[in-house]
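The values are calculated or read from the model by the stated rules, or taken from the named source; none is laboratory data. This structure is a prediction, so every number in the text was calculated from the model and none was measured. Here the Cβ positions follow ideal geometry from the backbone for every residue, glycine too, while neighbour counts run over all protein chains shown. Accessible surface is based on the protein model in full, side chains and every heavy atom, while ligands, DNA and RNA are left aside. Shrake-Rupley method; radii C 1.70, N 1.55, O 1.52, S 1.80 Å.
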Amino acid sequence: MDNKIITVTSPLLPDLKEFDKYLEDIWQRKWLTNNGHYHQELEKALADYLGVKYISLFTNGTLPLITALQALRITGEVITTPYSFVATTHSIWWNGLKPVFVDVEEGTGNIDPEKIEAAITPHTTAIMPVHVYGTPCNMARIQEIADIYGLKVIYDAAHAFGVTANGKSVLENGDMSTLSFHATKVYTTVEGGALICRDEATKKRIDYLKNFGFANEVTVVAPGINSKMDEIRAAYGLLNLKQVDSAIAQRKHIAELYRKALSGITGIRLLSNEEGVRHNYSYFPIFVTEEYGMSRDALYEKLKENNILGRRYFYPLISDFPMYRGLESANPMNLPIATKLAQQVICLPIYAGLLDTDVERIISLIV
Ligand SMILES: *Cc1c(COP(=O)(O)O)cnc(C)c1O
């Protein structure tokens, strides 16, 4: 047995000598946070790279979700998906709002637009979908429904760094989109995140909100929070931006190896490649169906015994956690597809630096 432990992801690390130069510069400036030199530089560089106009940096990927709901003054009920990382629903809860779960599409794992209307009540004010595994949601249909009912749309785009649909960034859809730069994501600043909005006035409001609501030294215009990205993480992010394209290319290569080897296997379902989408290959989920010779959990354990640490992502569903399972919309009968996906999924290791020989070993344990 191979003793090397392979995890589902491994962080993107900047060159240490380069990082040292940035640190020396920060030490000389003695300006560590509060919209510093590198913060401003990273904001500009990311706007450029992502093809978005208005972006604000945050200290993680959860605070932009919480802040988006604040900035848009969302009240009452927010329609969202149970098939996501818990932060999506937690951000709704932290605003004192009621999450309403809607089932997902089997083909993508994204919220099913055709099931949104049935979940709308007089209290509904917003929809919070997630681009699961970086696959774009059916954004045109979601916007159509939002427009009819006068709802705001906030996309949790934590998985969708750099993803474009028909040549346009997915982040330019809805009223706002959020990113996470956590160490496990395609692009990382160790911890970090961003909020993308549509106009300058809204960006200004977001920037107040992430700095306690301060508009100037003596004026507080909103009950803000502290979620400013510091200079050290911004410098880390600037360096990683230089190598993220190469990291995505390596991920693409690994995804192709998996796809080639696993697409014909009975009982293993893969997500299909969407047309017109530039993907970031942030995850490689497989869905273990009944036709496969063993259960999902048995395969997960088999991989683990061989030092391959896949991740059942997303399992359990958010709607199954104790603080949400009492909600009417959390009933598994309301969420049959999400329930099935959560029981079938394993995300396989995929990251820049993962060797072909390791990918082949993982494949050989599955086929
Ligand atoms: C990672 C992630 C978040 C939260 O990001 P953090 O940076 O860890 O706070 C939110 N939503 C989704 C879908 C995520 O994957």
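Of the residues making up the stretch 191-200, those that are within 10 Å of the ligand (Cβ to nearest atom) and either farther than 14 Å from residue 156 by Cβ or touching a Cys at 6+ places or on another chain (Cβ under 8 Å) (or both) number 2. Restricting the first member to the stretch 324-342 and to residues that are of a type in the set (Asp, Glu), and the second to residues that are open to solvent by 10 Å² or more (accessible area, probe 1.4 Å) and not in a loop (DSSP other than H, G, I, E, B), the beta-carbon pairs closer than 9 Å and six or more apart or on different chains are 328/100; 328/334.
Of everything in the stretch 298-326 that is open to solvent by 30 Å² or more (accessible area, probe 1.4 Å) and of a type in the set (A, V, I, L, M, F, W, C), the residue that is nearest to residue 3 (Cα to Cα) is 309. Do we have residue 184 as over 19 Å from residue 36 (Cβ atoms), of a type in the set (Ser, Thr, Tyr), in contact (Cβ under 8 Å) with a residue 40 or more places away in the chain and within 14 Å of the ligand (Cβ to nearest atom) here? Answer is yes for this residue.
The C-beta contact set for the stretch 158-180 (first residue within 13 Å of residue 196 (Cβ to Cβ), second residue charged (D, E, K, R) and within 13 Å of the ligand (Cβ to nearest atom), distance under 6 angstrom, 6+ apart or interchain) comprises 178/156.
For the stretch 1-20, the tally of residues that are surrounded by 11 or more Cβ atoms within 10 Å (Cβ to Cβ) and in contact with a helix residue (DSSP H, G or I) (Cβ under 9 Å, 6 or more places away or on another chain) stands at 8. Can you tell me which of (1) more than 18 Å from residue 92 (Cβ to Cβ); (2) away from the ligand (no atom under 12 Å from the Cβ); (3) assigned to a loop (DSSP other than H, G, I, E, B) is the one residue 143 doesn't meet? In the conditions (1) more than 18 Å from residue 92 (Cβ to Cβ); (2) away from the ligand (no atom under 12 Å from the Cβ); (3) assigned to a loop (DSSP other than H, G, I, E, B), residue 143 misses (3) alone.
Residue 346 passes every criterion in (1) open to solvent by less than 50 Å² (accessible area, probe 1.4 Å); (2) more than 24 Å from residue 87 (Cβ to Cβ); (3) part of a strand (DSSP E or B); (4) not polar (S, T, N, Q) apart from (2). Checked against the criterion of being assigned by TED's automatic domain parsing to the domain that holds residue 349, more than 23 Å from residue 355 (Cα to Cα) and out of contact with any strand residue (DSSP E or B) (no Cβ under 8 Å at 6 or more places or on another chain), the stretch 254-272 contains one or more residues that satisfy it. Contact map, the stretch 76-99: residues that are touching a residue at least 24 places away in the same chain (Cβ under 8 Å) paired with residues that are basic (Lys, Arg) and more than 9 Å from the ligand (Cβ to nearest atom), Cβ distance under 8 Å, separation 6+ or inter-chain. Pairs shown: 76/98; 77/98; 78/98; 92/98.
Taking the stretch 95-118 as the range and being among the small types (Gly, Ala, Ser) and surrounded by fewer than 18 Cβ atoms within 10 Å (Cβ to Cβ) as the test, the residues that pass are 96, 107, 118.
To keep it simple, each residue is scored yes or no on (1) within 16 Å of the ligand (Cβ to nearest atom); (2) buried (at least 19 other Cβ atoms within 10 Å of the Cβ); (3) of a type in the set (Ser, Thr, Tyr); (4) not assigned by TED's automatic domain parsing to the domain that holds residue 173.
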site: 29; (1), (2), (3), (4): no, no, no, no
site: 36; (1), (2), (3), (4): no, yes, no, no
site: 44; (1), (2), (3), (4): no, no, no, no
site: 47; (1), (2), (3), (4): no, no, no, no
site: 62; (1), (2), (3), (4): yes, yes, yes, no
site: 73; (1), (2), (3), (4): no, no, no, no
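Quick one: is residue 217 surrounded by fewer than 21 Cβ atoms within 10 Å (Cβ to Cβ), more than 30 Å from residue 350 (Cβ to Cβ) and either assigned by TED's automatic domain parsing to the domain that holds residue 67 or over 22 Å from the mean Cα position of the chain (by Cα) (or both)? So that I can check it myself, show each step before the final result.
On the way: surrounded by fewer than 21 Cβ atoms within 10 Å (Cβ to Cβ): yes; more than 30 Å from residue 350 (Cβ to Cβ): yes; either assigned by TED's automatic domain parsing to the domain that holds residue 67 or over 22 Å from the mean Cα position of the chain (by Cα) (or both): yes.
So residue 217 fits the description; yes.
When residue 92 is tested against (1) β-branched (Val, Ile, Thr); (2) buried (at least 22 other Cβ atoms within 10 Å of the Cβ); (3) more than 15 Å from the ligand (Cβ to nearest atom), only condition (3) is not met. Considered as a group, the residues in the stretch 119-134 that are touching a strand residue (DSSP E or B) at 6+ places or on another chain (Cβ under 8 Å) and open to solvent by less than 10 Å² (accessible area, probe 1.4 Å) include one that is nearest to the ligand (Cβ to nearest atom), and that residue is 130.
Residue 316: under 20 Å from the mean Cα position of the chain (by Cα), under 22 Å from residue 185 (Cα atoms) and in contact (Cβ under 8 Å) with a residue 60 or more places away in the chain, yes or no?
The answer is no for residue 316.
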